[in-house]
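What follows is one structure encoded as structure tokens, with my remarks underneath.
The values are calculated or read from the model by the stated rules, or taken from the named source; none is laboratory data. The model shown is predicted, which means the values in this text are computed figures rather than measured ones. A quick note on method: Cβ atoms are made from the backbone with ideal geometry, for glycine too, and the neighbour counts reach across all protein chains shown. Each accessible area value is taken on the protein alone, full model and side chains, heavy atoms only, with ligands, DNA and RNA left out. Shrake-Rupley method; radii C 1.70, N 1.55, O 1.52, S 1.80 Å.
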Amino acid sequence: MKAWQGTFRRLRLFRRYKEWTVTVLFSLAAFVIALICVMGFLAYLNTLNYIRKLYAEIGHDLVERRAEYLDGVFARCFDDLEKISEMPEVKGASSRVALEALARAVPERRRAFVVAAFASAEGDAHYLDGRDADVSREKFFARAMNGENEFVVELYDADFGGDEFVIAKGVHSDGEFAGVVFYSMRFSSLDSPYLKMHVAEDVFSSFAVNSSGEFIVPLKTESILNIGEDSLEQDDLEVLRNLISQMEESEHGSLVLRSRIFSAEFVEWAKISGTDWVIGLTAPFSKIDLVAQDSKARIISICGVLVVVVLVVSVLIFLSILRKHFSHRRIMLQQAQNIDKLTGLCTEVFFEEQAEKLLNTNPDANFLILGVDIRGFRIVQQTEGIAIANEQLVLLSRRLGEIAREKNGIAARGHVDHFYLMYPISDSESALREFDSFLYNGNLLAGRVGELVPTRIGIVFAGKDYERDTIQNLIGKTSYAKRVIQDNLLKNYSVFDSGMEARVLNEKRMERNIPTAFAHDEFYVVYQPKINLSDGKIIGAEALVRWNSAELGNVTPDSFIPIFERNGYIERLDFYVYQKVFEFVETQITKRGNDFVPISVNMSRFHLKDETFVSNFLSLFRKYNIPPQMIEVEILERSLGVADDRAREVAEQLHEMGFRVSIDDFGTGESSLSLISKIPADIIKIDRKFMLGIKDASSSSDDELKVVRLIVEMAHQLGKETICEGVETEQHVNVLRSINCNYVQGFFYSKPLSEKDFIEYLEQHL
């Protein structure tokens with residue numbers, strides 16, 4: 001909200017003072033134009049000195065930038081060769097193994113302009129581009145062999161095309177010379193940043209020499225520099241020797257050479273670190289003076305044009321201010337669209353745009369990305385109201401905004417209670433240690449002292465040290481990391497790792513096979529019997545779906561059901577199961593008459609979002625000759641907390657049609673007990689997790705037993721029957737019988753059965 005207020009306040013101020021701004025800017029522009037006219041006249045009088053000084057500065061800048069570039073090139077090559085020379089494969093292996101190691105070690109970005117090579121101790125060199133050569137007589141080989149820690153930059157003695165040189169490093173193993181690793185490079189590969197001059201290229205000429213005075217890059221113009229000493233008179237020889245002496249003594253420098261043979265010329269030079277090379281530029285004053293003459297004419301022309309400019313400048317300024325006004329207004333509106341109204345954070349769409357820019361413009365940086373949501377947020381909305389829920393959102397957003405500002409990052413609010421945070425880090429380990437300091441008792445501290453917002457956080461790392469991925473995929477990975485700790489209240493954040501990556505890839509593989517599974521009828525239905533505890537007879541069965549994939553093999557429901565729920569295939573899968581169950585029930589009723597039991601089918605919570613679910617369910621059901629009391633619909637308890645009014649409406653409609661309704665996996669969701677009383681359900685199905693800790697009826701200390709007893713008593717008081725899942729031992733049976741649970745379901749009686757096996761079981765236990 002503050003961001004919105006600030007936006008509109010700035011917009012009002014701009015409108016209020018726009019007339020004053022026009023007046024000031026017009027006056028200032030007129031003053032600047034008059035000043036330019038005066039400066040132009042003065043520049044006309046001082047053109048020669050001005051142009052010479054200007055070109056000296058240009059020459060200094062050009063040489064400095066070229067030297068910095070070459071320093072960087074050689075430094076990176078030195079770093080490469082230092083690392084490569086220490087590799088065991090290079091130190092003690094054969095030339096072939098050393099070459100293979102070299103191929104792996106050379107950075108991809110370096111291969112555009114260098115060719116890496118390895119020369120054995122005998123001088124047999126093998127290049128990565130396939131060349132072989134004897135370099136034993138080359139200067140660089142001798143220098144690299146004799147200097148254990150010295151980097152060598154040297155010209156080839158042999159002719160490999162005319163402009164090739166090497167950067168080499170000797171390889172020594174246990175004090176013995178083992179060979180040389182080196183980069184071979186052409187001067188032409190450095191042309192763009194080094195030789196090409198985009199400014200005053202018709203005035204300056206470049207050159208490069210080594211410590212022996214040999215031209216590495218020859219000077220293309222006539223100068224005292226490229227006249228042999230034998231051809232110079234004593235005065236010119238002293239000038240040249242003075243220049244060479246200064247080049248040897250100083251890293252950077254400039255000098256004006258005044259020769260009898262040629263006109264005076266300006267020389268600027270710089271040494272290249274790690275080499276004995278000197279690069280430089282020279283510009284004859286005769287050419288600079290010609291440029292100055294041209295500049296005089298241009299200055300005179302400009303002064304004449306300025307008179308006309310003064311006449312039209314007021315109109316141009318006025319139009320500019322109008323354009324700025326409308327542009328400012330458009331920017332303000334765009335900014336408002338990128339801000340979440342409630343929290344003041346940016347929107348998810350804007351976050352994705354800015355995060356993608358951060359990744360693209362900072363390729364050498366690492367980032368931490370958080371996906372955050374609030375545990376039990378929908379329950380807070382339902383039980384405490386929208387105002388309290390919004391207060392939690394604001395408190396959490398305030399803390400995330402503080403972290404974003406502190407860490408030079410960006411924070412955003414996504415859908416409902418989903419938040420995102422991204423900021424730069426040095427490495428993952430220190431980032432996680434620092435992130436722990438942002439947590440208090442496992443929750444993000446938000447707002448007032450002592451007030452906590454219970455959060456669930458997924459973390460993923462991105463940047464130069466991690467695999468490249470889009471920001472949408474990275475956000476998806478934070479969501480996957482959050483799902484890992486969905487039911488773990490003791491753990492509030494999870495880091496996306498390679499194990500999760502494998503699960504994600506496995507899920508994507510399953511997703512690719514879903515259309516094929518439907519097309520080839522790879523899904524099938526099994527039936528798990530439900531048993532009456534009072535007499536041990538079967539009273540029904542639950543229909544469960546299984547997947548036998550031709551490519552993946554048998555896929556467990558726990559693996560594929562969540563995927564179907566996320567990608568929307570759950571509706572198609574459920575109706576596939578409904579059809580198979582209806583066909584099976586109709587066939588058995590036709591054969592057996594009343595000697596059959598009701599079959600229950602599961603309804604995904606995602607069907608509650610579909611207003612047409614009940615009508616589609618009835619449309620399919622009416623195609624079969626089945627009494628509705630033979631079908632029971634199981635609604636997950638955690639669905640009630642998502643859309644309680646819709647769940648009640650669906651249950652009532654199914655009840656009116658004669659179907660039985662049960663609440664499945666009771667005890668795992670976020671619904672309140674008062675809500676259960678409002679749902680017209682016939683049966684409460686107690687989740688299997690309660691059976692894991694129950695030992696026997698005499699163990700009054702078992703919390704699970706206490707909870708199950710209370711659920712059974714509550715259900716009976718509400719006029720509902722109970723069935724407990726996960727019954728696997730005789731102790732479970734005895735305990736549940738002692739607390740008057742009506743029915744049970746589990747491996748103690750039967751695992752899920754195929755249609756044939758279920759019919760056999762039914763005949764034995766009916």
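Working only within the range 532-551, note down all residues that are among the charged types (D, E, K, R) and within 43 Å of the chain's Cα centre (by Cα).
Correct list: Arg546, Glu551.
Each residue in the range 104-115 was checked for being assigned to a helix (DSSP H, G or I), modelled with pLDDT of 85 or more and open to solvent by less than 40 Å² (accessible area, probe 1.4 Å), and 1 pass. Restricting the search to the range 484-517, which residues are modelled with pLDDT of 80 or more and surrounded by 14 or more Cβ atoms within 10 Å (Cβ to Cβ)? Listed by number, the residues that qualify are Tyr493, Ser494, Val495, Phe496, Met510, Glu511, Asn513, Ile514, Ala517.
Considering only the range 403-414, state which residues are farther than 19 Å from Thr347 by Cβ and part of a helix (DSSP H, G or I).
The one that is farther than 19 Å from Thr347 by Cβ and part of a helix (DSSP H, G or I): Glu406.
Comparison of Asn567, Asn548 shows that the only residue that is more than 24 Å from Ile663 (Cβ to Cβ), polar (S, T, N, Q), at pLDDT 90 or above and open to solvent by 10 Å² or more (accessible area, probe 1.4 Å) is Asn548. Can you tell me which residue is nearest to Ala67 (Cα to Cα) among those in the range 256-279 that are at pLDDT 80 or above and of a type in the set (Ser, Thr, Tyr)? Top of the filtered list is Ser273.
State which residue is nearest to Asp340 (Cα to Cα) when the search covers only the range 417-435 and only residues that are open to solvent by less than 40 Å² (accessible area, probe 1.4 Å) and outside any strand (DSSP E or B).
We begin by selecting, within the range 417-435, every residue open to solvent by less than 40 Å² (accessible area, probe 1.4 Å); these are 417, 419-423, 425, 428, 430-431, 435.
Of the ones still in play, those that are also outside any strand (DSSP E or B) are 417, 428, 430-431, 435.
Details: Asp417: 12, Ser428: 30, Ser430: 31, Ala431: 28, Phe435: 25 Å.
Among residues in the range 417-435 that are open to solvent by less than 40 Å² (accessible area, probe 1.4 Å) and outside any strand (DSSP E or B), the one nearest to Asp340 (Cα to Cα) is Asp417.
Taking into account only those residues within the range 719-738 that are out of contact with any Asp or Glu (no Cβ under 8 Å at 6 or more places or on another chain) and part of a loop (DSSP other than H, G, I, E, B), which is surrounded by the most Cβ atoms within 10 Å (Cβ to Cβ)?
Val727
Cβ-Cβ below 6 Å, separation at least six or inter-chain, first residue in the range 719-734 and within 20 Å of Gly540 (Cα to Cα), second modelled with pLDDT of 90 or more and hydroxyl-bearing (Ser, Thr, Tyr): which pairs? Cβ pairs passing all conditions: Ile723/Tyr743. For the range 116-138, the set of residues classified as within 16 Å of Ser95 (Cβ to Cβ) and not in a strand (DSSP E or B) consists of Ala121, Glu122, Gly123, Leu128, Asp129, Gly130, Arg131, Val135, Ser136, listed by residue number.
Those residues that are of a type in the set (Phe, Trp, Tyr) and in contact (Cβ under 8 Å) with a residue 60 or more places away in the chain, I need them from the range 104-156; list them, please.
First, pick out the residues of the range 104-156 that are of a type in the set (Phe, Trp, Tyr): 113, 118, 127, 140-141, 151, 156.
Of everything in the range 104-156, those that are of a type in the set (Phe, Trp, Tyr) and in contact (Cβ under 8 Å) with a residue 60 or more places away in the chain turn out to be Phe113, Phe118, Phe151.
Can Gln472 be described as within 36 Å of the chain's Cα centre (by Cα), closer than 30 Å to Val744 by Cβ and surrounded by fewer than 16 Cβ atoms within 10 Å (Cβ to Cβ)? The answer is no for Gln472. Residues in the range 69-96 that are in a helix (DSSP H, G or I) and open to solvent by 40 Å² or more (accessible area, probe 1.4 Å): Tyr69, Asp71, Ala75, Arg76, Asp79, Glu82, Lys83, Pro88, Glu89, Lys91, Gly92, Arg96.
Looking at the structure I just gave you, is Met185 outside any helix (DSSP H, G or I) and modelled with pLDDT of 80 or more? Spelling it out, Met185 is indeed outside any helix (DSSP H, G or I) and modelled with pLDDT of 80 or more.
Condition first: more than 20 Å from Pro424 (Cα to Cα) and part of a loop (DSSP other than H, G, I, E, B). Can you find one or more residues in the range 368-377 that meet it? Walk me through it before giving the result.
First pass over the range 368-377, keeping only residues more than 20 Å from Pro424 (Cα to Cα): 373-377.
Still in the running and part of a loop (DSSP other than H, G, I, E, B): 375-376.
Yes, the range 368-377 contains a residue that is more than 20 Å from Pro424 (Cα to Cα) and part of a loop (DSSP other than H, G, I, E, B).
Residues of the range 346-388 being crowded, with 17+ Cβ neighbours inside 10 Å, under 24 Å from Arg646 (Cβ atoms) and at pLDDT 85 or above, which ones? Residues satisfying the conditions are Asp373, Ile374.
Does Phe141 satisfy the condition of being open to solvent by less than 60 Å² (accessible area, probe 1.4 Å) and outside any strand (DSSP E or B)? So Phe141 fits the description; yes. Which one is modelled with the lowest pLDDT among residues in the range 659-707 that are out of contact with any helix residue (DSSP H, G or I) (no Cβ under 7 Å at 6 or more places or on another chain), open to solvent by less than 30 Å² (accessible area, probe 1.4 Å) and closer than 13 Å to Ile723 by Cβ? Among residues in the range 659-707 that are out of contact with any helix residue (DSSP H, G or I) (no Cβ under 7 Å at 6 or more places or on another chain), open to solvent by less than 30 Å² (accessible area, probe 1.4 Å) and closer than 13 Å to Ile723 by Cβ, the one modelled with the lowest pLDDT is Asp687. Applying the criterion of being aliphatic (A, V, I, L, M) and modelled with pLDDT under 75 to the residues of the range 225-255, the residue that is nearest to Val267 (Cα to Cα) is Ile227.
Considering Ser559, Ser494, Ser534, the condition of being in a strand (DSSP E or B) and more than 17 Å from Lys580 (Cβ to Cβ) is satisfied by Ser494 alone. So which of Asn473, Asn492, Asn554 ends up being closer than 27 Å to Lys756 by Cβ and out of contact with any His (no Cβ under 9 Å at 6 or more places or on another chain)? Selected residue: Asn554, the only one of Asn473, Asn492, Asn554 that is closer than 27 Å to Lys756 by Cβ and out of contact with any His (no Cβ under 9 Å at 6 or more places or on another chain). The residue of the range 48-61 that is farthest from Ile279 (Cα to Cα), among those that are open to solvent by 10 Å² or more (accessible area, probe 1.4 Å) and touching a strand residue (DSSP E or B) at 6+ places or on another chain (Cβ under 8 Å), is Arg52.
Which one is least open to solvent (accessible area, probe 1.4 Å), of the residues in the range 586-607 that are over 30 Å from Asn567 (Cα atoms), touching a residue at least 40 places away in the same chain (Cβ under 8 Å) and not hydrophobic (A, V, I, L, M, F, W, C)? Here the answer is Gln588. If you go through the range 193-215 and pick out every residue that is modelled with pLDDT of 65 or more and either surrounded by 17 or more Cβ atoms within 10 Å (Cβ to Cβ) or closer than 15 Å to Ile244 by Cα (or both), you end up with 13. Checked across the range 282-295, the condition of being open to solvent by 30 Å² or more (accessible area, probe 1.4 Å), modelled with pLDDT of 75 or more, within 30 Å of Met39 (Cβ to Cβ) and of a type in the set (A, V, I, L, M) holds for no residue.
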